[in-house]
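Report on one structure; see the data block that follows.
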Amino acid sequence: MKAYVNENCIGCGACNSICEEVFKMTDSGVAEAIGEVPAEFEEAAKEACTGCPVGAIELR
């Protein structure tokens, strides 16, 4: 599974607080995903996806 953060990101930091192994905040104040999600963090990445208030996280 791969994680992506789209242009809807408002930089709230929810994804990073749920799964910092996959999502980090950039210097410009928005989130960025590492890409390929390690198997042990898939559930946390899914939780971050559903917890995003603006639907900016995509998992494929």
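The values are calculated or read from the model by the stated rules, or taken from the named source; none is laboratory data. Here the structure is a predicted model, which means the values were calculated and not measured. Because the Cβ atoms are built from the backbone with ideal geometry, glycine has one as well, and the counts that use them run over all protein chains shown. With ligands, DNA and RNA removed, areas are computed over all heavy atoms of the protein, side chains included. Shrake-Rupley method; radii C 1.70, N 1.55, O 1.52, S 1.80 Å.
Tabulated results
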quantity	calculated
Lone unmet requirement of (1) over 14 Å from residue 5 (Cβ atoms); (2) free of Cβ contacts under 8 Å to residues at least 12 places away in the same chain for residue 26	(1)
Selection from the range 1-38 of residues that are small (Gly, Ala, Ser) and open to solvent by less than 80 Å² (accessible area, probe 1.4 Å)	3, 11, 13, 14, 29, 31, 33, 35
Filter pass, residue 44 being assigned to a helix (DSSP H, G or I), on the phi < 0 side of the Ramachandran plot and buried (at least 19 other Cβ atoms within 10 Å of the Cβ)	no
Contacts under 7 angstrom Cβ, first residue in the range 44-58 being over 15 Å from residue 25 (Cα atoms) and free of Cβ contacts under 8 Å to residues at least 60 places away in the same chain, partner open to solvent by 30 Å² or more (accessible area, probe 1.4 Å) and of a type in the set (Ser, Thr, Tyr), 6 or more apart	58/4
